[in-house]
Amino acid sequence: MGVSLKLAAAGLGALAAAVVSAPAGADPYYHSYTDGSWTNVEYNDGTCHYYYSHNSYDGETHTNRYGNCAGVAIGPNGQVVPVITGPLIVRPY
């Protein structure tokens, strides 16, 4: 039981490192700026391209996604947050 848990943790760590690192030769573009009460963000990594706008005055938020953004989550203030998936461990009862 302890060995399988250690192997799962090691595999999850390796998978997280692979997901977080950018693809070879790809430099993601990230630009954020604030204009008045609006915060605007643009992100493009070649696969996922999104625009994020948030108005802090009235809470209005707009997000436009283009391409495959399944591996990218949009965090607070439009920050890029990688989606880390791992193996599903099922314990029989």
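Report yes if Gly78 is modelled with pLDDT under 95, small (Gly, Ala, Ser) and touching a His at 6+ places or on another chain (Cβ under 8 Å), otherwise no.
Values: modelled with pLDDT under 95: yes; small (Gly, Ala, Ser): yes; touching a His at 6+ places or on another chain (Cβ under 8 Å): yes.
Here the answer is yes, as Gly78 does meet what is asked.
Can you name the residue in the range 72-93 that is among the small types (Gly, Ala, Ser) and part of a loop (DSSP other than H, G, I, E, B) and is also surrounded by the fewest Cβ atoms within 10 Å (Cβ to Cβ) among such residues?
Out of the qualifying residues, it is Gly75.
Report the residue count in the range 32-65 for those that are exposed (fewer than 11 other Cβ atoms within 10 Å of the Cβ) and within 17 Å of the chain's Cα centre (by Cα).
Restricting attention to the range 32-65, the residues satisfying the condition of being exposed (fewer than 11 other Cβ atoms within 10 Å of the Cβ) are 33, 35-36, 57-59, 64.
From what is left, the residues that are within 17 Å of the chain's Cα centre (by Cα) are 64.
Counting residues in the range 32-65 that are exposed (fewer than 11 other Cβ atoms within 10 Å of the Cβ) and within 17 Å of the chain's Cα centre (by Cα) gives 1.
Contact list please: Cβ distance under 9 Å, first residue in the range 59-82 and of a type in the set (Lys, Arg), second residue surrounded by 13 or more Cβ atoms within 10 Å (Cβ to Cβ), pairs at least six apart or on different chains.
Arg65/Cys48; Arg65/His49; Arg65/Tyr50; Arg65/Tyr51; Arg65/Val72; Arg65/Ile74
The values are calculated or read from the model by the stated rules, or taken from the named source; none is laboratory data. Here the structure is a predicted model, which is why all the values come from computation and not from measurement. Backbone-built Cβ (ideal geometry, glycine too); neighbour counts: all protein chains shown.
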